[in-house]
1. Go through region 49-98 residue by residue and tally those that are of a type in the set (A, V, I, L, M, F, W, C) and open to solvent by less than 30 Å² (accessible area, probe 1.4 Å).
2. So, in region 352-378, exactly how many residues are in a strand (DSSP E or B), in contact with a Gly (Cβ under 8 Å, 6 or more places away or on another chain) and open to solvent by 80 Å² or more (accessible area, probe 1.4 Å)?
3. With the condition being under 27 Å from Glu228 (Cα atoms) and over 29 Å from the mean Cα position of the chain (by Cα), I'd like the helices (runs of 4 or more DSSP H) fully within region 150-206 carrying at least 1 qualifying residues.
4. Would you list the helices (runs of 4 or more DSSP H) that sit entirely within region 397-487 and hold 2 or more residues that are more than 23 Å from the chain's Cα centre (by Cα), buried (at least 19 other Cβ atoms within 10 Å of the Cβ) and touching a residue at least 12 places away in the same chain (Cβ under 8 Å)?
5. Looking only at region 391-427, which residues are charged (D, E, K, R) and within 22 Å of Gly246 (Cβ to Cβ)?
6. Restricting to region 317-351, name every residue that is among the basic types (Lys, Arg), out of contact with any Pro (no Cβ under 6 Å at 6 or more places or on another chain) and surrounded by 12 or more Cβ atoms within 10 Å (Cβ to Cβ).
7. I'd like the full set of residues that are buried (at least 21 other Cβ atoms within 10 Å of the Cβ) and either basic (Lys, Arg) or farther than 20 Å from Arg145 by Cα (or both), limited to region 159-179.
8. Say we look at region 110-152 and pick out the residues that are open to solvent by less than 20 Å² (accessible area, probe 1.4 Å) and not aliphatic (A, V, I, L, M); which of these is farthest from Ser188 (Cα to Cα)?
Amino acid sequence: MKKTLITLLLSLGSLSAQAALDPAQVRQLAAEDSTDKVAAIRQLTQMADPDAVRVLKAMAEDSLFLAGDKVVIIDGDKAFDGATGEAIKMPANPESPTVNNRIRGELASALAALKLFDADVSVRLASAQKLQSQVTPEMAPLLARALEKETDAQIKALLVLAHAQANLANTDPAARLAAVQALAETSSPTIKSVLLPLTEKAGEADDKVRYEAIAAVKAIDSRLAIAENVGRAFSGLSLGSILLLGALGLAITYGVMGIINMAHGELLMVGAYATYGMQTLFRAYFPEAIDWYLPAAIPVAFFAAALVGVVMERTVIRWLYGRTLETLLATWGLSLVLIQSARVLFGAQNVEVSNPSWMSGGIEVMPNLILPWNRIIIVGFAMFVLFLVWVLMNKTRLGMFVRAVTQNRPMAGCVGVPTSRIDTMAFALGAGIAGLGGVALSQISNVGPDMGQGYIVDSFMVVVVGGVGQLAGAVWAALGLGIFSKLLEGWAGAVIAKISILVCIIIFIQKRPQGIFALKGRFVE
């Protein structure tokens, strides 16, 4: 491809020999001193000419040679004059000029800058984005010319910033002041690092420019802090979504049966390993449809976790109803059994679960704030599951039975509700929802045997704070706990944040033991 492009450029050059470069300037590209080569590259770059692109590209691709006192470009068995682009006889012993890392970096910057004049908007945009971190003072005239010709608003905004960066080294204080004022409007950490030297007397002699630079750095710091906090809040929102999926199932099982299920976190783990299993299956048998493994994993994870929940309820928990402490110990033992089973089946090490391609990347809200697609989709998925649970609990016969058993088990049994069957179905439903939480968790966290342990305590806190059997309470508690945890972690560290959250919950429970949304009516008694 590169050879074809060089040949095309050379052919165009030979057809437009009248636009030839200065031979002495081209000859300087093969000078012994790197400083002379850099000066020649910068002079050719300022021309913004297709012939200059042809020569610099040949030098970057090691196709530029010195034959006597003439610079030639050799492409396969053909040779061309470096200055005119005309085809010439193949020289006998061409010498390759030394191109060290400094020269290669200069060539890369020059070629990127010359793409600012390309007819393709996407090429110009990519070049302008790349130049944001490679601007040198010598590029100022070239950027000014590109700015005059540019018509695209997005590229023009980038060029304004690049031109301002290049002008920071201008000898005219007024030009430097204008450059600082232009850069003060950004929210980029890179621009901040560029401005920082100007805040010192040693870096900027002019007081007015220096004070403007100090104000600009403060303004950028303020915007960066806002973006950082917004990013933490969004991370907390996605964490709250995971907690919500864990707490929904826990609230149902605790509300219906009064069971404190210490193995609920391991049901998250079952869902995550089911996702890993579907990924492995698709990689082995449907590699062309690997991006669809995640949608396929959703029902598999739900029914796998629900099946494990039914087995737990039928074999152990059913025989311990009304014995809270024994149930607590039994479910804790079940959690250890599930963890060890995962170690035996999948190994003690974490396994890899990759995001599908449609979950990669994110939305750039600010220069230092990108909202990842995987977390955005997790939040949406949690809201969708919440909607389905609300419909199930409020619009179906099963939901009516579950609510009846939650509110008054003896009375529900007296009017014909099969409480024993409802217990099993409620436990399966709660376990299945936890499995869906495992699917979501597998996309942002490592999948391993112990992964559920880190979420069980927080899920219980959500249930307690939100109020037993209250979906609205679970939503507010999960999102609030997730967001405040992430915000506090950013300001005080993970340990202090966890302690602070626990203290706040203890105080809250002392004041309002029934939670945010308490059950109302005669059945509360």
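1. 15
2. Adding up the residues that qualify gives 1.
3. Answer list for region 150-206: 153-167, 173-183.
4. Qualifying helices (runs of 4 or more DSSP H): 397-407, 419-442, 453-466.
5. Selection gives Arg403, Asp423.
6. Answer for region 317-351, where residues must be among the basic types (Lys, Arg), out of contact with any Pro (no Cβ under 6 Å at 6 or more places or on another chain) and surrounded by 12 or more Cβ atoms within 10 Å (Cβ to Cβ): just Arg318.
7. Arg176
8. Filtering region 110-152 for residues that are open to solvent by less than 20 Å² (accessible area, probe 1.4 Å) and not aliphatic (A, V, I, L, M), the one farthest from Ser188 (Cα to Cα) comes out as Glu150.
The values are calculated or read from the model by the stated rules, or taken from the named source; none is laboratory data. Treat the numbers as computed from the prediction; the structure is a model and nothing was measured. Quick reminder, even Gly has a Cβ in these numbers, built from the backbone with ideal geometry, and neighbours come from all protein chains shown. Protein only, heavy atoms only, side chains kept; ligands, DNA and RNA dropped before computing areas. Shrake-Rupley method; radii C 1.70, N 1.55, O 1.52, S 1.80 Å.
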